[in-house]
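Right, one structure below, let's go through it.
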Amino acid sequence: MPNIAVQRLYNQRLEGQKFQTPSEVVAWLGAVQAQEYALAKWALGLRMENTTDDVIEQAFKEGSILRTHVMRPTWHFVTPEDIRWILKLTALRVHAVSAHMYRQLELDNALFMRSNAAIIKALEGGKYLTRAELGAALAEIGIDTTNGMRLGYIVHHAELEGIVCSGPRRGKQHTYALLDERAPHARTLARDEALAELTRRFFTSHGPATVNDFAWWSGLTVADVKAALAMLGSQLSHETIDGKTFWFSTSMPVAKEPSLATHLLPVYDEFGIAYKNHSTSLDPMYGELVKNRFFTSAFALDGQIIGMWRRTFSKGAVVIESSPFRPFSAAEKQAFAEAAQRFGEFLGMPVVLL
């Protein structure tokens, strides 16, 4: 097996063949973590051929990619074709993680039945409403939503139950839509079929990866993952390196050792967040520098994280500041500048480097 981090660059389509549309990226990866919406669009852009923020925003507006809570209790991009079977597979596990907050916020099944009915009534007929507007509709039937967290978990529950998903943005505000209306042709799969499909996609797009990586990413149990691997049989292969077993597709692309391949990875990018262990792409000597900020917009060089970056905006330009773990060589500085320029082109803005 080639260098694991380099192979992941190719399997995740950060290197090699790129995609043409946002929905192709999301379908390939299975789901893409997206609570930081603006930077999550860049995560898709990194895997596409010469795209822009506007192209991805338009796809989101049209509904060819959706944003909802699946898997771990956070937002992800998913495709309208996949949203229902992924929800059905993972929602029970997310409900279990959220159960403590449901109790603390006095949210029970009787209340959820009332809130779901009110949300459906408010949205049916192709309406798109913000969370605050849904809160107003709930208040009309006597459900207290003055606690923003309570409202958030009510809507979160409706997402997991396949009642609502993202609608198009209204200005900078996100809206909700009825899933039945937003994704009328969503597929449904039997549980074993769904489990095998999500497992196949993960190890094809994110491999080489371990059982624990996939259990972390999906929120499924290790027993579930092992059962799925048994179902997939010869579709996946594995190799043991330093006592860890890595799984990957038997048809993964050939990875070439890159030379100064630079990626400004956004916060929660799949190249980092998808793995339980990061030792293949982060030298342990830098672990103390990262701590809980891991992959808060990481700078990767040939698949290795060698610094962080952040962006701000000033006078119509995007300002990109690098925080390297070690001094950059002249060639590395140039590679970083070129990667920053690609981000600026994605946004349609000039770049100022700090």
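Here are the numbers for the structure shown:
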read-out: Acute angle (nearest 10 degrees) that the helix 191-205 long axis makes with the longest principal axis of the chain, alpha-carbon atoms; value: 30 degrees
read-out: Cα long-axis angle, helix 131-140 against the chain (0 to 90 degrees, to the nearest 10); value: 20 degrees
read-out: Label point distance in nm, Asn50-Asp180, each placed 7 Å from Cα along Cα→Cβ; value: 4.4 nm
read-out: The chain - mean residue ellipticity at 222 nm from DSSP helices (-39,500 (n - 2.57) per run, n ≥ 4, rounded to 500); value: -13500 deg cm²/dmol
read-out: Which of Asp224, Asp269 has the fewest Cβ neighbours within 10 Å, and the rest in rising order; value: Asp224, Asp269
read-out: Contact order normalised by residue count of the stretch 20-172, Cα under 8 Å, 6+ apart, percent; value: 23 percent
read-out: Using θ = phi - 60° and Karplus 6.51 cos²θ - 1.76 cosθ + 1.60, couplings along the stretch 261-273 (whole Hz; Gly, Pro as x); value: 7, 10, 9, 8, 7, x, 3, 6, 4, 4, 5, x, 5
read-out: In sequence order, calculated HN-Hα J values of the stretch 167-178 (Karplus, 6.51, -1.76, 1.60; Hz; x Gly/Pro); value: x, x, 6, 10, x, 9, 8, 7, 10, 10, 9, 6
read-out: Distance violations [Cα-Cα > 18 Å] among Lys121/Lys172; Lys61/Lys172; Lys18/Lys256; value: Lys121/Lys172
read-out: Using θ = phi - 60° and Karplus 6.51 cos²θ - 1.76 cosθ + 1.60, couplings along the stretch 154-165 (whole Hz; Gly, Pro as x); value: 5, 6, 4, 4, 5, 5, 5, 7, x, 8, 10, 8
read-out: 17 Å Cα-Cα reach of Lys244 towards lysines, excluding residues that sit fewer than 8 places from it in its own chain; value: Lys226, Lys276
read-out: Percent RCO, i.e. relative contact order, over the chain, from Cα pairs under 8 Å lying at least 6 residues apart; value: 18 percent
read-out: Degrees, to the nearest 10: 222-232 long Cα axis against longest axis of the chain; value: 70 degrees
read-out: Value of D in µm² per second that Stokes-Einstein yields for the stretch 1-137, Kirkwood Rh from Cα pairs, at 25 °C (0.890 mPa s); value: 143 µm²/s
read-out: Interatomic Cα distance distribution for the chain, bins of 10 angstrom, percent; value: 5, 24, 31, 25, 13, 2, 0
read-out: Part-to-part distance (alpha-carbon centres) for the stretch 299-334 and the stretch 257-275, which is given in Å; value: 13 Å
read-out: Inter-label distance for Lys127 and Met349, nm, one decimal - labels placed 7 Å from Cα along Cα-to-Cβ; value: 3.5 nm
read-out: Footprinting exposure proxy for Ile141, Ile120, Ile65, Ile306 (fewest neighbouring C-beta atoms within 10 Å first); value: Ile141, Ile120, Ile306, Ile65
read-out: Long-range tail of P(r) for the stretch 243-337 (Cα pairs > 18 Å, %); value: 52 percent
read-out: Amide H partners (placed H, <5 Å) of Tyr176, local residues excluded; value: Leu129, Thr130, Gly167
read-out: Alpha-carbon centroids, the stretch 56-114 and the stretch 196-244: separation in whole Å; value: 23 Å
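Laboratory data are not the source of any read-out in this text; all were calculated from the coordinates shown. Quick caveat, the model's predicted, so the values are computed rather than measured. Here the Cβ is made from the backbone with ideal geometry for all residues, glycine too, and neighbour counts use every protein chain on show.
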